[in-house]
1. Hey, what does the equivalent ellipsoid look like for the chain, semi-axes from the Cα gyration tensor as sqrt of 5 times each eigenvalue, largest first, whole Å?
2. Please get the size of the charge dipole for the chain, origin at its Cα centre, with Cβ charges of +1 on Lys and Arg and -1 on Asp and Glu, quoted in debye to the nearest 20.
3. What FRET efficiency would be calculated for the residue pair Gln51, Lys128, taking the C-beta separation as r and a Förster radius of 25 Å, to the nearest 0.05?
4. Take the cross-link list Lys134/Lys250; Lys134/Lys199; Lys30/Lys246; Lys230/Lys250 and give me the ones stretching past 31 Å between alpha-carbons.
5. Using the Cα gyration tensor of the stretch 30-168, with a ≥ b ≥ c the square roots of its eigenvalues, what is the shape: rounded (a/c below 1.5), prolate (a/b larger than b/c) or oblate (neither)?
6. Take the cross-link list Lys139/Lys229; Lys77/Lys120; Lys93/Lys139 and give me the ones stretching past 31 Å between alpha-carbons.
7. To test your reading of the geometry: what angle, between 0 and 90 degrees and rounded to tens, separates the Cα axis of helix 60-72 from the longest principal axis of the chain?
8. Test of the criteria: in the stretch 90-133, which trypsin sites (Lys or Arg not before Pro) are in a DSSP loop and have at most 12 other Cβ atoms within 10 angstrom of their Cβ?
Amino acid sequence: MKKLMALILCMIMAVLVTGCGSEGSGSDYKDIVDKGELVVGITDYAPMDYQDDNGEWTGFDAEFAKAVADKMGVKVKFIEIDWDNKFIELSSKSIDCIWNGMTISEEVINNTSCSKAYAKNEQVVVMKEKDSKKYTDVKSLSGLSFAVESGSAGQTAAEDNKLEFTAVSAQSDALMEVESGSVDACIIDSTMAAAMTGKGTSYDDLTSSVTLTKEEYGVGFRKGSDMTKKFNGYIDELKKDGTLEKLSKKYSVALAD
């Protein structure tokens, strides 16, 4: 009888512990509203997220995040993360979402509760303008050295096309590697290439050449999060009221259909 009672007590404790755990992992939306802050994981990536002259984060995604936060009645806190560790940062709850021109990929879908697409993008090869006419297709890129952001869609594109590459911390670092001559080219998002290369930019001698992939951007929340459905609703609202169209024109970012 004592053994039976002990077994019953153990089962009751297990149920109570499980119940407590479930309660603690309830609504992400409520948690964010209660703390009054949406914590967004980003990298320095123009035109999506970058710092202005006053050190404030701006860009398409930054302004988009602020518009969503306004609808939620909270503030936004931007945290620079190591892009290679983005899923760890999310699952550990050091951030509420990954929102930084993130390509919707199989890896993202497997590791997050991903929103629907809000913008279009491409992975493009960027190199010195004087060399660009020599390289017009994937086959011609064989033998060149590339820089890519570690864990990015650019790295995936390099791997898929069997291109030799060095992984760096950020897409902006990949551009610097090309400018310095340490690599022949880099693979980055077309949104960044349009904002950072060509006449009137910091890299006026660099240009885009070959397009490797076409893709879409989404925001990653934790698996099972109720924020995903909420966020998808905000996308629709901000499209309808013209907010996203204004940001699209301001930052030259193509909206998803």
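FYI, it's all coordinate maths here, none of it is from the lab. Please read all numbers here as calculations on a predicted model, not as lab measurements. Counting neighbours? That spans all protein chains shown, and the Cβs are built from the backbone with ideal geometry, glycine included.
1. Taking √(5λ) for each eigenvalue gives 40, 23, 15 Å, largest first.
2. Here the size comes out at about 1000 debye.
3. So the FRET efficiency works out to roughly 0.40.
4. Over 31 Å Cα-Cα: Lys134/Lys250.
5. prolate
6. Among Lys139/Lys229; Lys77/Lys120; Lys93/Lys139, the Cα-Cα distance tops 31 Å for Lys139/Lys229; Lys93/Lys139.
7. The angle comes out near 30 degrees.
8. Within the stretch 90-133, the qualifying trypsin sites (Lys or Arg not before Pro) (loop, at most 12 other Cβ atoms within 10 Å) are Lys93.
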